[in-house]
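Worksheet: the structure to be examined is printed underneath.
The values are calculated or read from the model by the stated rules, or taken from the named source; none is laboratory data. Note that the structure is predicted; figures quoted are calculated from it, not measured. Cβ coordinates were reconstructed from backbone atoms using ideal geometry, including for glycine residues, and neighbour counts include every protein chain displayed.
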């Protein structure tokens, strides 16, 4: 499963990292708490969140996330614009809400990460 | 208060970030910059990531709670040392603050996705040694040490 597959499954828009869509995704981590991402996300996860602030992007970079999916709306917050431009991590946005987004990804084989396990 | 960590040895690498009250972007940026700088030095990915997480959490604590502060990342001997010093209200009960879920962060901080009360606990999990000293009404000094040879993250034993 690649980010390109995920883009299709979630009917997502690519905000940045079009050239990185061949990256493989095995596990995901969904939450709306940056502190939880920093504590439990581990490396190599796809981060799924409805939080739309620059901290998500910094956190994704720090955690070596394979990408970020912003759920619940394609329109990124204006405060995110500059960070989106400079992001080292591919960013996708979908109109789907969190539960459906996670359900679809799980159905297609993206698994949950083990709490606190660094892969 | 904790003695300066570089008193007995010359650091071979040093980053120094001033962190001001409510400068939320500075916290994330200091973590990203730390990660890039340590990566360039060729440190182990786990050491790099754990250092960046500690910098992020420590910087956010200063931004949220203190009036001003300073964050240093130093490599001395075989350790990454992260030292955060701030002027502010201090931590009246450090043991309580170390507990996962305990937080005094205001509502707007929680809306940003922080203030879940996991910062200090997470810093402890990511470091080989964490010392926190605080004087209420004066400020807090935090020092985290990560061995360069860190093989298994302490977080794996949760």
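One table, with the values for the structure above:
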| item | result |
| --- | --- |
| Tally of residues being assigned to a loop (DSSP other than H, G, I, E, B) and either away from chain A (no Cβ under 14 Å) or modelled with pLDDT of 95 or more (or both) across the stretch B:133-158 | 5 |
| Residue match in the stretch A:33-42 (condition: within 10 Å of the chain's Cα centre (by Cα), surrounded by 19 or more Cβ atoms within 10 Å (Cβ to Cβ) and at pLDDT 90 or above) | no |
| Residues that are more than 12 Å from the chain's Cα centre (by Cα) and either surrounded by fewer than 18 Cβ atoms within 10 Å (Cβ to Cβ) or within 22 Å of residue B:48 (Cβ to Cβ) (or both), drawn from the stretch B:118-141 | B:118, B:128, B:133, B:135, B:136, B:137, B:138 |
| Qualifying position, being surrounded by fewer than 21 Cβ atoms within 10 Å (Cβ to Cβ) and either assigned to a loop (DSSP other than H, G, I, E, B) or within 14 Å of another protein chain (Cβ to nearest Cβ) (or both), among B:11, B:18 | B:11 |
| Residue list for the stretch A:1-56, restricted to those being in a loop (DSSP other than H, G, I, E, B), in contact (Cβ under 8 Å) with a residue 24 or more places away in the chain and farther than 19 Å from residue A:74 by Cβ | A:1, A:23, A:25, A:26, A:41, A:42, A:43, A:44 |
| Every residue from the stretch B:56-73 that is under 10 Å from the mean Cα position of the chain (by Cα) and assigned to a strand (DSSP E or B) | B:71, B:72, B:73 |
| Yes/no for residue B:101 being exposed (fewer than 14 other Cβ atoms within 10 Å of the Cβ), assigned to a loop (DSSP other than H, G, I, E, B) and away from chain A (no Cβ under 14 Å) | no |
| Top-ranked residue in the stretch B:34-54 [being within 10 Å of chain A (Cβ to nearest Cβ) and surrounded by fewer than 19 Cβ atoms within 10 Å (Cβ to Cβ); ranked as nearest to residue B:15 (Cα to Cα)] | B:36 |
